[in-house]
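To start, the structure under review is shown below, and the notes come after it.
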Amino acid sequence: MNSEMKEKIFVILTVDFEKDACFWHHPSKKFDYGGIMIGTHKLVEILSTFGVKCTWFVEMNKDYPQSDMLFLFPYVVKSLAKRQDEIGAHIHWSKPNQLRRKYEYPTTNTSMLVHNSYYIEKSIKYCKEKLGEVGIKPVSFRSGAFFCVPWLPLILQRHGFIADSSSFQGYTTKRWPQSKILSQINRYKTLKPSKQPFFCDGKYCYKQGNLKIVEFPVNYSIDSLLRYEFLRRKIMLEVRYRQKPCFLTLYFHVYNITDSDSGPDELTKIDYYKIRKLSILLERLSKIDYLEFITLQEARQIFVDLYQNK
Ligand SMILES: [Zn+2]
């Protein structure tokens, strides 16, 4: 570990690679892949322009091919893997419900989820196996909707994962659907100084513990950074004045750069206003000489080295 590392700000840009959600999801179709089909190429172009490395969390699902991006878009995932980027796994916790004939989170109550660890383990195994078949060895993970799944870190470790980013500023959604009050708390936590990575607890990803897995709490939603001036100010202040070394974990979706009024699928249009804002932000950050964009896997190694040299 060279001393230069101790004077750096490490930025980890992560993208959840999944079907369109919220108001980007076109109402005419049950599933809309406009972000992936139209947004991916554009986002890759911008990342290349500013030399930004990215960690792609590919959504996968062993029960629902509609929620399995590796199954639906294998060539896109393989092309992303060829970049200097990292491919991680992403699961929105769902399970067939025969009665309601639709998919849902395993339960709405996390205390019940404990009894679902077999299902969780099978899902993680599935991701590893399928990515392995196309030559990708995933070591980083993110839980869908920052959903707190008890024992997830321990299960991840058993399957060779070393980094997790399933919490937001030290917070996870414990219930689904997320309550309005919890969203407000979530927003408020963005204002706190960026929570730094830590060795993870076996049961809860937001707690410190003694696993080899390092938890990187998400500090900023890029979509919020593009929307709110005060958040852009906050990140620039942190970059300038925060004690180094420091890690900043950012998250984004491919559909965030598309026009939410367009779609579905190949009819989706790029939101050029967002593209402009994103370019300005990435340009500003990439010009700072002590700031480095790295993948989650790289960040985990640096964190471990720094920790050991303390
Ligand atoms: Zn997701």
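Worth pointing out:
- Test: residue in the range 213-227 that is under 26 Å from Ser140 (Cβ atoms), of a type in the set (A, V, I, L, M) and touching a Pro at 6+ places or on another chain (Cβ under 7 Å): yes
- With respect to being part of a helix (DSSP H, G or I), closer than 27 Å to Cys22 by Cβ, of a type in the set (Val, Ile, Thr) and modelled with pLDDT of 95 or more, Ile235 fits the description.
- Residue that is nearest to Lys82 (Cα to Cα) [pool: residues in the range 21-55 that are charged (D, E, K, R) and in contact with a strand residue (DSSP E or B) (Cβ under 8 Å, 6 or more places away or on another chain)]: Lys53
- Looking only at the range 1-38, residues that are at pLDDT 90 or above, under 21 Å from Phe71 (Cα atoms), among the charged types (D, E, K, R) and more than 15 Å from the ligand (Cβ to nearest atom) come to 0 in all.
- Residues of the range 250-302 satisfying the condition of being surrounded by 19 or more Cβ atoms within 10 Å (Cβ to Cβ), in contact with a Ser or Thr (Cβ under 7 Å, 6 or more places away or on another chain) and in a loop (DSSP other than H, G, I, E, B): Pro264, Thr268, Asp271, Thr295
- Of the set (1) in a loop (DSSP other than H, G, I, E, B); (2) closer than 25 Å to Ile38 by Cα, all apply to Gln243 but (2).
- Subset of the range 46-92 [more than 16 Å from the ligand (Cβ to nearest atom), under 19 Å from Tyr126 (Cβ atoms) and free of Cβ contacts under 8 Å to residues at least 40 places away in the same chain]: Pro65
- Evaluating Asp259 against the criteria (1) at positive phi; (2) among the acidic types (Asp, Glu); (3) free of Cβ contacts under 8 Å to residues at least 24 places away in the same chain leaves one unmet condition, (1).
- Yes/no for Ile38 being surrounded by fewer than 22 Cβ atoms within 10 Å (Cβ to Cβ) and either on the phi > 0 side of the Ramachandran plot or in contact (Cβ under 8 Å) with a residue 60 or more places away in the chain (or both): no
The values are calculated or read from the model by the stated rules, or taken from the named source; none is laboratory data. Computed from a prediction, not measured in an experiment: that's the story for all the values here. All Cβ positions, glycine included, derive from the backbone under ideal geometry; neighbour counts span all protein chains shown.
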